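Heads up, the thing below is written out as C-alpha cells.
The values are calculated or read from the model by the stated rules, or taken from the named source; none is laboratory data. Computed from a predicted model, the values in this text were never measured in an experiment. Methodologically, a virtual Cβ is constructed for each residue, glycine included, from the backbone with ideal geometry; neighbour enumeration extends over all protein chains shown.
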2 protein chains.
Amino acid sequence: MPRLWNETVEAHRREVGGAILDATAELVAEQGLRAVTMSQIAEKAGIGRATLYKYFPDVEAILFAWHERQVSEHLQHLAKIGHGAGSPGQRLKAVLEEFAQISQQRHGTELAALLHRGEHVADAQQHLNHFIQHLLAEGVRTGEFRDDVAPGELANFCLHSLTAAARLPSKAATRRLVAVTMAGLRPD
Amino acid sequence: MPRLWNETVEAHRREVGGAILDATAELVAEQGLRAVTMSQIAEKAGIGRATLYKYFPDVEAILFAWHERQVSEHLQHLAKIGHGAGSPGQRLKAVLEEFAQISQQRHGTELAALLHRGEHVADAQQHLNHFIQHLLAEGVRTGEFRDDVAPGELANFCLHSLTAAARLPSKAATRRLVAVTMAGLRPD
C-alpha cells in the first residue's frame, strides 16, 4: 500500500478513537462514570457497536484510554504554566495550584482509585515529579527555596502533601493547602 | 456459671489470642508476611491447629488482628509522646517524627496496602488527625503555629505530607520530611 494510504487510515483511526473518547467523556460528565455503556458510547460517537468493539474491548478499556488522554492534557497544561513568566517560586506556586485543582475535581472516588492504578498515572507522576524538581532547583539558585533539603525530596513532599486536595471541599481550601506547602519550601 | 469462672475463661482466651498474635509477629519478622502458615503459627504459639482455627479462620484474619494491635500500640505510643513535656510545637514535632518512622518501617508494600484497607486504620487515622488538631490548636494559641489556616486543614496537610515517609530510604530523610512539614505550619 502507498504510504499516503497508510497515513490516511492512521488519521482516520485517530479521529474515530478521539470521537469515542470525546463521547465517553460527555457521557461520563452527564451520568457519572459507572453508568456508561458500550451502546451509549457507540451511539454518541456516531459509529456502530461492531466498530466500537474493533477499537476497545469494553468500557473499562475506554475509560483507561480516556483517563490517559486527560492525564496527558493535564501534564501539557502544567508544563505550559511552569514554563511561563515569573520567578521559579511564582511558577511553582501556579503549577501546584493548578495541580491541586485538578486533583480536587472528581477525585477521591472508587473509580478514580481504579483508574489511578494504571501505569500511565505512575509515569505521569514521575514526569511531574521531575518537572517540579527542576523548578525547585531553579528556585534554590535564586534563593527562593531552602537548600538544606534536596530538590528531589522537596518535590516528593509537595506531591504527597497535595494528595490532600482530593478531599477538600473548595478552591479556597486548595489554595490554602498550596500556601502551607509552599511555606515548607522557604529558606529559614 | 459463677462470674469468676467466666472471667477466668475470658482471661485465658485473651492470653491465647495474644500468644497467637505474638507468634505471628515473630514469624512475620523472620520470614516475611506472605510466607506464614496456620501450622507454623499454631506450633510457635504452642497450641494445636484445631485450637488455632477456633480463634481465627485464616492467616489473613490473624494478620488483620495483629495489625489492629500494632496500630493501637502505635496510637498509644504517639499519645504518650504528645502528652509529654515541651511546647505544643516540640511535642507535635516529636509525634510527627515518630509517626514518620512508623510509616517508614515495612510500609509501601502490597501487603501493607491490603492491611491498610481495614476499617481500624481509617479509625486510627481519624483519631490521630484529631489528636494532631488539638496540638495544633494549642500551638496556635502560643503563637508557634500559623492562625490563617484552620487546625483541621493543617492536620490534614501534615498527615498527607507524611505519607511520603513510606518510601523514604533513611531515618535522616524522614527527619527532613518532618522539618519541611513543620516549616509549613509556622506563622509568617
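Considering only residues that are in a helix (DSSP H, G or I) and of a type in the set (Gly, Ala, Ser), look in the stretch A:158-174 and name the one that is surrounded by the most Cβ atoms within 10 Å (Cβ to Cβ).
Going through the qualifying residues, I end up with A:Ser161.
Please state which one of A:Phe157, A:Phe131 is within 11 Å of another protein chain (Cβ to nearest Cβ), among the hydrophobic types (A, V, I, L, M, F, W, C) and more than 27 Å from A:Ala29 (Cα to Cα).
Numbers: A:Phe131 fails: within 11 Å of another protein chain (Cβ to nearest Cβ).
Among A:Phe157, A:Phe131, only A:Phe157 is within 11 Å of another protein chain (Cβ to nearest Cβ), among the hydrophobic types (A, V, I, L, M, F, W, C) and more than 27 Å from A:Ala29 (Cα to Cα).
Being modelled with pLDDT under 95 and part of a loop (DSSP other than H, G, I, E, B) narrows it down to one residue among B:Asp188, B:Asp148; which is it?
Values: B:Asp148 fails: modelled with pLDDT under 95.
Just a single option satisfies the conditions, and that option is B:Asp188.
Pairs, please: C-beta under 7 Å, at least 6 apart or cross-chain, first residue farther than 19 Å from A:Glu30 by Cβ and in the stretch A:41-56, second of a type in the set (S, T, N, Q)?
Taking only residues 6 or more apart or on different chains, the pairs are A:Arg49/A:Ser39.
Among A:Leu75, A:Leu33, A:Leu96, which is the only one that is at pLDDT below 90, surrounded by 12 or more Cβ atoms within 10 Å (Cβ to Cβ), of a type outside the set (Gly, Ala, Ser) and within 30 Å of A:Thr174 (Cα to Cα)?
Details: A:Leu75 fails: at pLDDT below 90; A:Leu96 fails: at pLDDT below 90.
After ruling out the rest, the residue left standing is A:Leu33.
Taking B:Glu97 and the conditions (1) more than 14 Å from chain A (Cβ to nearest Cβ); (2) under 29 Å from B:Val59 (Cβ atoms), which numbered condition does it fall short on, given that it satisfies the others?
(2)
Condition check: out of contact with any Pro (no Cβ under 6 Å at 6 or more places or on another chain), buried (at least 19 other Cβ atoms within 10 Å of the Cβ) and more than 12 Å from every other protein chain (Cβ to nearest Cβ). Does B:Leu177 satisfy that? Break it down stepwise before answering.
Details: out of contact with any Pro (no Cβ under 6 Å at 6 or more places or on another chain): yes; buried (at least 19 other Cβ atoms within 10 Å of the Cβ): yes; more than 12 Å from every other protein chain (Cβ to nearest Cβ): no.
For B:Leu177, the condition - out of contact with any Pro (no Cβ under 6 Å at 6 or more places or on another chain), buried (at least 19 other Cβ atoms within 10 Å of the Cβ) and more than 12 Å from every other protein chain (Cβ to nearest Cβ) - is not met.
Each row is one residue, and each column tells you yes or no for (1) touching a Phe, Trp or Tyr at 6+ places or on another chain (Cβ under 6 Å); (2) assigned to a helix (DSSP H, G or I); (3) among the basic types (Lys, Arg).
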position: B:Phe64; (1), (2), (3): no, yes, no
position: B:Val71; (1), (2), (3): no, yes, no
position: B:Gly84; (1), (2), (3): no, no, no
position: B:Lys93; (1), (2), (3): no, yes, yes
position: B:Glu98; (1), (2), (3): no, yes, no
position: B:Ser103; (1), (2), (3): no, yes, no
position: B:Ala112; (1), (2), (3): no, yes, no
position: B:Leu128; (1), (2), (3): no, yes, no
position: B:Leu135; (1), (2), (3): no, yes, no
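Among the numbered conditions (1) among the basic types (Lys, Arg); (2) within 19 Å of A:Arg117 (Cα to Cα); (3) at pLDDT 90 or above, tell me where A:Lys80 comes up short.
Against the list (1) among the basic types (Lys, Arg); (2) within 19 Å of A:Arg117 (Cα to Cα); (3) at pLDDT 90 or above, A:Lys80 comes up short only on (2).
Do the conditions hold for A:Asn129, that is, is it within 21 Å of B:Ala179 (Cβ to Cβ) and surrounded by fewer than 21 Cβ atoms within 10 Å (Cβ to Cβ)? Explain how you work it out, then say what you get.
Details: within 21 Å of B:Ala179 (Cβ to Cβ): yes; surrounded by fewer than 21 Cβ atoms within 10 Å (Cβ to Cβ): yes.
In short, yes.
Within the stretch A:160-174, which residues are within 7 Å of chain B (Cβ to nearest Cβ) and either closer than 17 Å to B:Ala150 by Cα or in contact with a Leu (Cβ under 8 Å, 6 or more places away or on another chain) (or both)?
If we filter the stretch A:160-174 for residues that are within 7 Å of chain B (Cβ to nearest Cβ), which is where we start, we get A:160-161, A:163-164, A:173.
Of everything in the stretch A:160-174, those that are within 7 Å of chain B (Cβ to nearest Cβ) and either closer than 17 Å to B:Ala150 by Cα or in contact with a Leu (Cβ under 8 Å, 6 or more places away or on another chain) (or both) turn out to be A:His160, A:Ser161, A:Ala164, A:Ala173.
All but one of (1) surrounded by fewer than 19 Cβ atoms within 10 Å (Cβ to Cβ); (2) over 26 Å from A:Leu114 (Cβ atoms); (3) not assigned by TED's automatic domain parsing to the domain that holds A:Gly18 hold for A:Ala50; state the number of the condition that does not hold.
(3)
Would you mind stating whether A:Gly143 is more than 16 Å from B:Ala165 (Cβ to Cβ), away from chain B (no Cβ under 11 Å), in a helix (DSSP H, G or I) and at pLDDT 95 or above? Quick ask: steps written out before the conclusion?
Values: more than 16 Å from B:Ala165 (Cβ to Cβ): yes; away from chain B (no Cβ under 11 Å): yes; in a helix (DSSP H, G or I): no; at pLDDT 95 or above: yes.
Taking the combined requirement at face value, the residue does not satisfy it.
For the stretch A:38-52, enumerate the residues that are under 17 Å from A:Ala65 (Cβ atoms) and among the small types (Gly, Ala, Ser).
Of everything in the stretch A:38-52, those that are under 17 Å from A:Ala65 (Cβ atoms) and among the small types (Gly, Ala, Ser) turn out to be A:Ala42, A:Ala45.
Given A:Ser87, A:Ser39, which one is among the hydroxyl-bearing types (Ser, Thr, Tyr) and closer than 30 Å to A:Ile132 by Cα? Don't jump to the end; show me each part of the working.
Details: A:Ser39 fails: closer than 30 Å to A:Ile132 by Cα.
Only one candidate qualifies: A:Ser87.
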